[in-house]
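Engineer: First the structure, which I've put down as structure tokens, then a few questions once you've had a look.
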Amino acid sequence: GRAGAPALVAGVAAVAAVGADLALGTSAGTALGAGAVVAVAGAAATVLKATSGPRVAAPGGVEEARARWLAALESRGIRPFLERERERAAPAVRPLRGVDRSAAARSRTVLERSFGQLPEPVGAFAGRREELERIAGWVREGRASVGTRPTVVLLHGVPGSGRTALAVRAAHALRDRFRGACVADLRGNATAVPGTAGEGPVATREALLHLLNRLGAPRERLLFREGAPVGQQVRRLTELYHRQLAGTPVVVVLDDAVDAAQVRALLPGRSESLVLVTCREPLDLGPDVPAAVHALEVAALDAAGAEELLRAAGGAGDPGPYDAEAAGRIRELCGGLPLALRAAGSLLGRRPADEVAELLGRPGRGADPVARALDARYSLGLDDDSRRLLRRLALAGRASLGAAAAGALLGADAAEGARLLRGLADAGLLDHVRGERYRLHDAVRGFAAARLLDEEDATEAAAAQERLVRNYAELADAVIRMVDGKMSTRADRFGGHGFGSLEAALSWLDEETSFITAALRHSRGVDQRTVLDLLGALCDYCLLRGDLYRLGEIDELAASVGQGPLSRSVRWRTGIAARQIGELDKAHTTLASVVSSYREDHQDPGAALALCSLGITLHHQGKLAEAADRLREALALQEPEALAADRGWTLHALAAVERDRGRLAEAVALLDRSLALHRAHESPHGEAWAHFQYGQVLLLRGDVPGAGAELRAALDGYGRIHDGRGEAWALTQLARARLAAGDTEPAVEELRGALARHREQEDARGEAWTLYHLGHALEERGDRDEAVRELGRARTMFSRMRDVYGLAGARHHSGRVTRDQLAARTGGLRNSGFARQLLVDARADYHRIGVAHGEAWTCLELAVVDAGNARVPQALGLCDEARELFASYGDPRGTDWARFLRCTLLPHAVPGSPEPGTETAREELAALVADRHPARDPRLDDCAEAYGAVLARGVAPGTPWQAWDLGLVPNRRSREVLGVPGPPRVPGA
């Protein structure tokens, strides 16, 4: 029982300990002694297991001995066995219903990718193996200790000693022990240098936002930052940070820290995380810090480490015979600091060691080893363009940069910029980040900034800064234009962009977003139209990628500048982002204010685009009539030919609204016009959305093969532009098409896959609609209980978003499936009160938003409930109301079912006297069968034939309504196709 498993484990542990020691060559006596110790410890654990619950371990020597014992077990491979036994014995804990699975899914995805955000561990890394082993040892010790708390290592040393490189290497080396990693540059020792892109220290709030973004926090927390005072925001973000990382071990690198209180705020609580803090002096985090704190000095390299680094920095050149004395002199002059040694060592491939040592020791180089090495390297071996680029890199801020930025700073092309960057990296003056991206070390940035002020005219530096922003605006604008087409928001420059493909263009922008954001922070004095173009392109990219953290950062930046056009442009995109994550009320408020602002300034193109976004938001809220009005206002403003590309987006948005209103013919006409415009103006993104809307229209017309083709075209389009959100929506609708084709089991699996994709994107509306369709698929599979649960979840999400159209649909189907579920259990439609209330609420929702087809089908479902509860007059009235509603938008398919249900009710209209009603039913049924049309549901013909046989036999007095028991009622598939007429699609349109 309680002690059996621990006793068995103790025996296994003792035998394993003896075997391991004998295998390693330990004497038999020593091995048996070790086995006895393990057996005794195991026996003690067995007694404790049997006689007591968990206890707090005593401090001091016993605790230390226990830690050593656990470390020994871990090294022998026994502790993993104990962990597995503990997990097997632990009771299963069901996940809480309130868990946000969307956020959890995205968090897992972001954490998996986080190590790829670290600088790559390339190049020489000499003389730090002992430090890496000590960090790894502290991690093992922390894992073996009692309680769950982070391990903090203070890596302190002078600038240039390689503190950050050591932290990054440690993060890579230990990645198997952690689920994610992040570097936060706190810029504690940063000072702004006039005329450069210098930045001050990072506030705790910004550091928390950065860490939360990198470690997968909910995106709405990263987008909406206004409102509360800074202190209150910091408290909320700190709580979110601790919740986010509770029980999740990650590596956090806090680079260049000076404030102990800030470091304490950034420690992840209740987590076995590793926090690597780089600082100049050890920080006093206080005796009550909830972490195991260790200090590790990153000292100068020893002679062997310095020699290894010098050899690696010298490259493939011929340094001549090894000169130990000169190498020692170089190490001394460089203070043993890796940054200085790399810069000096890069000269060794061209000069002998004694000459390099002499150059470093010349008078006037200064006393600081790093400054001495940088001055020597700057003066020797660099051409004029390389020196000019190094100076101007001080204008580019602290973000990593690539060839385009280097070329812009020099007024050269990207190829020349790439060549010069590689040369500076080979000279030890740039740190390689990943791929073709580089970053200036803080010490090198300070050196470059000083040289810039001394050697270049201020007007030349300002011109380089403006050229940088202008070139990036043109390139970013070109990338987004390749995605969205030649819209009015794009600059009027439609020339070449130099990208070989859309894939290459998007990859470039993926790499450059951090740098562009940094460049925008230092764009004062730059032409504001250029800044607006760059800002708009970056915002559109953030929407495409779902990067709401950066969009929130840009929003704050634009607000701080305080210029109307800039902040308005960002607020428009912020409103769209709010809609994408399901914050529909906030999106509506934001976009309405943007529309008003554009109208006040008589900016018709901007007002039209904002109206389009507002109309889409109203559509998502279920306000279909108002949405159509706003979108038609936008179309009126977009009549000029110069706005034709914009008009294509508004047309497919309006088509989606008209589709949901049941006006399929009008939707088809709008989509044909939209597709033509998107193609004419080279918008693969717009084409993808038009194909997506077309696929849904064809599903409502019952053309499943055609719908599948359109939706696959949409999926391919989204894939080409890396639109993960669009791909998730296309997968949902493709699964819906599989369900319509009768492939129920594959549809269920595909919907679950699409659900995971929506959760990764944190697209609440997409998740809700996927749950809605998953409920349908589960119903088709015969799993009504699970179908009710999924439809209930969809109903809750629609209600939270205030999406009335989605809520009405979820209520309708929840009521219908709940009714069928209860009927299957009880054998009849009695006790359907809850189901009926859901249907009543659904009808009221549909009526309020003017969706006649939804209200009509809900009336028929209510009629079934009332008929099953012997309320035949009420059921007949509902059938008549449904018939009028179907006729209001021209749906003979729905009208057929309303007429047929009326026929089944007529024999029961007069209690005890079925004859008159039966005769009327025969006449109306015959008229229904004769009134054939192409939109008729094939199932209705079968039902009519079956009920005709019932009427032929006659209905006995007192017989209850029979249609439900005979299965002669409309099902879910009956209402999935709208019987409205519509023109066939033009081939190739």
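The values are calculated or read from the model by the stated rules, or taken from the named source; none is laboratory data. Please read all numbers here as calculations on a predicted model, not as lab measurements. Every residue, glycine among them, receives a Cβ derived from its backbone with ideal geometry; neighbour counts consider all protein chains shown.
Engineer: Say whether the condition of being in contact (Cβ under 8 Å) with a residue 12 or more places away in the chain, among the aromatic types (Phe, Trp, Tyr), over 30 Å from Glu220 (Cα atoms) and touching a helix residue (DSSP H, G or I) at 6+ places or on another chain (Cβ under 9 Å) is met by at least one residue in the range 811-834.
Structural biologist: yes
Engineer: Here is a follow-up. Given (1) of a type in the set (Ser, Thr, Tyr); (2) surrounded by 22 or more Cβ atoms within 10 Å (Cβ to Cβ); (3) within 27 Å of Phe125 (Cβ to Cβ), identify the lone condition not met by Ser514.
Structural biologist: All conditions pass for Ser514, except number (2).
Engineer: Somewhere in the range 632-648, is a residue in contact with a Leu (Cβ under 9 Å, 6 or more places away or on another chain), at positive phi and in a loop (DSSP other than H, G, I, E, B)?
Structural biologist: No.
Engineer: Any residue in the range 368-379 that is out of contact with any strand residue (DSSP E or B) (no Cβ under 9 Å at 6 or more places or on another chain), outside any helix (DSSP H, G or I) and small (Gly, Ala, Ser)?
Structural biologist: Within the range 368-379, none of the residues are out of contact with any strand residue (DSSP E or B) (no Cβ under 9 Å at 6 or more places or on another chain), outside any helix (DSSP H, G or I) and small (Gly, Ala, Ser).
Engineer: Sticking with this one: With of a type in the set (Lys, Arg) and within 30 Å of Arg893 (Cβ to Cβ) as the only criterion, which of Arg720, Arg752, Arg759, Arg765 stands out?
Structural biologist: After applying the criteria, what remains is Arg765.
Engineer: Considering the range 434-481 alone, what residues qualify as being part of a loop (DSSP other than H, G, I, E, B) and within 25 Å of Leu118 (Cα to Cα)?
Structural biologist: Of everything in the range 434-481, those that are part of a loop (DSSP other than H, G, I, E, B) and within 25 Å of Leu118 (Cα to Cα) turn out to be Gly435, Glu436, Leu440, His441.
Engineer: Okay, next question. Out of the residues in the range 928-967 meeting the condition of being without any contact (Cβ under 8 Å) to a residue 24 or more places away in the chain, within 50 Å of the chain's Cα centre (by Cα) and assigned to a helix (DSSP H, G or I), tell me which one is surrounded by the fewest Cβ atoms within 10 Å (Cβ to Cβ).
Structural biologist: My answer is Pro938.
Engineer: Same structure, new question: What tally of residues in the range 233-271 results from selecting those that are under 15 Å from Thr151 (Cα atoms), of a type outside the set (Lys, Arg) and either part of a loop (DSSP other than H, G, I, E, B) or not assigned by TED's automatic domain parsing to the domain that holds Arg221 (or both)?
Structural biologist: Of the residues in that region, 9 qualify.
Engineer: Then there is this: Tell me the residue from Ala863, Ala856, Ala842 that is at pLDDT 95 or above, closer than 25 Å to Val657 by Cβ and out of contact with any Asp or Glu (no Cβ under 8 Å at 6 or more places or on another chain), please.
Structural biologist: Answer to the check: Ala842.
Engineer: Another question, then. Need pairs with beta-carbon distance below 7 Å; first residue farther than 15 Å from Thr278 by Cα and within the range 243-262, second among the hydroxyl-bearing types (Ser, Thr, Tyr) and in a loop (DSSP other than H, G, I, E, B); sequence gap 6+ or separate chains.
Structural biologist: The qualifying pairs are Leu245/Ser271; Leu245/Ser273; Ala246/Ser271; Gly247/Ser271; Thr248/Ser271; Pro249/Ser271; Pro249/Ser273; Val250/Ser273.
Engineer: Tell me, please, whether a residue that is more than 24 Å from Arg311 (Cβ to Cβ), charged (D, E, K, R) and either touching a Lys or Arg at 6+ places or on another chain (Cβ under 6 Å) or touching a residue at least 60 places away in the same chain (Cβ under 8 Å) (or both) can be found in the range 362-379.
Structural biologist: Looking through the range 362-379, none of the residues is more than 24 Å from Arg311 (Cβ to Cβ), charged (D, E, K, R) and either touching a Lys or Arg at 6+ places or on another chain (Cβ under 6 Å) or touching a residue at least 60 places away in the same chain (Cβ under 8 Å) (or both).
Engineer: Which pairs have Cβ atoms under 8 Å, sit 6 or more apart or on different chains, and link a residue in the range 139-150 that is under 15 Å from Gly269 (Cβ atoms) and in a loop (DSSP other than H, G, I, E, B) to one that is modelled with pLDDT under 90 and of a type outside the set (S, T, N, Q)?
Structural biologist: Going by the 8 Å Cβ cut-off, the qualifying pairs are Thr148/Gly247; Thr148/Arg270; Arg149/Gly269; Arg149/Arg270; Pro150/Gly269.
Engineer: Within the range 275-290, identify whether any single residue is in contact (Cβ under 8 Å) with a residue 24 or more places away in the chain, in contact with a Gly (Cβ under 7 Å, 6 or more places away or on another chain) and of a type in the set (Ser, Thr, Tyr), and answer yes or no.
Structural biologist: Checked the range 275-290: no residue is in contact (Cβ under 8 Å) with a residue 24 or more places away in the chain, in contact with a Gly (Cβ under 7 Å, 6 or more places away or on another chain) and of a type in the set (Ser, Thr, Tyr).
Engineer: Do you know which of the residues in the range 115-127 that are surrounded by fewer than 19 Cβ atoms within 10 Å (Cβ to Cβ) and of a type outside the set (S, T, N, Q) is farthest from the chain's Cα centre (by Cα)?
Structural biologist: Ala124
Engineer: Of the residues Glu710, Glu666, Glu682, which is surrounded by fewer than 22 Cβ atoms within 10 Å (Cβ to Cβ) and either hydrophobic (A, V, I, L, M, F, W, C) or part of a helix (DSSP H, G or I) (or both)?
Structural biologist: Residue meeting the stated conditions: Glu666.
Engineer: Quick check, is Asp896 of a type in the set (Asp, Glu) and surrounded by 21 or more Cβ atoms within 10 Å (Cβ to Cβ)?
Structural biologist: The answer is yes for Asp896.
Engineer: Go through (1) in contact with a helix residue (DSSP H, G or I) (Cβ under 7 Å, 6 or more places away or on another chain); (2) at pLDDT 95 or above; (3) among the acidic types (Asp, Glu) one by one and return the number of the condition Asp672 breaks.
Structural biologist: Result: Asp672 fails condition (1) only.
Engineer: Within the range 862-874, which residues are surrounded by 24 or more Cβ atoms within 10 Å (Cβ to Cβ) and in contact (Cβ under 8 Å) with a residue 60 or more places away in the chain?
Structural biologist: Val864, Ala867
Engineer: Within the range 325-352, take every residue that is crowded, with 24+ Cβ neighbours inside 10 Å, of a type outside the set (A, V, I, L, M) and more than 17 Å from Arg422 (Cα to Cα) and give me the one that is nearest to the chain's Cα centre (by Cα).
Structural biologist: Among those that are crowded, with 24+ Cβ neighbours inside 10 Å, of a type outside the set (A, V, I, L, M) and more than 17 Å from Arg422 (Cα to Cα), it is Pro338.
Engineer: How many of the residues making up the range 892-920 are farther than 27 Å from Val980 by Cβ and among the hydroxyl-bearing types (Ser, Thr, Tyr)?
Structural biologist: Total meeting the criteria: 3.
Engineer: Are any residues in the range 835-860 touching a residue at least 60 places away in the same chain (Cβ under 8 Å) and assigned to a helix (DSSP H, G or I), and if so, which ones?
Structural biologist: Within the range 835-860, Asp845, Ile849, Ala852, His853, Trp857, Leu860 qualify.
Engineer: Just for the range 622-644: of the residues that are surrounded by fewer than 24 Cβ atoms within 10 Å (Cβ to Cβ), more than 16 Å from Tyr805 (Cα to Cα) and small (Gly, Ala, Ser), which one is modelled with the lowest pLDDT?
Structural biologist: Ranking the qualifying residues of the range 622-644, first place goes to Ala642.
Engineer: Would you please name the residue that is surrounded by the most Cβ atoms within 10 Å (Cβ to Cβ), looking only at residues in the range 764-784 that are among the charged types (D, E, K, R) and touching a helix residue (DSSP H, G or I) at 6+ places or on another chain (Cβ under 7 Å)?
Structural biologist: Of everything passing the filter in the range 764-784, Glu767 is surrounded by the most Cβ atoms within 10 Å (Cβ to Cβ).
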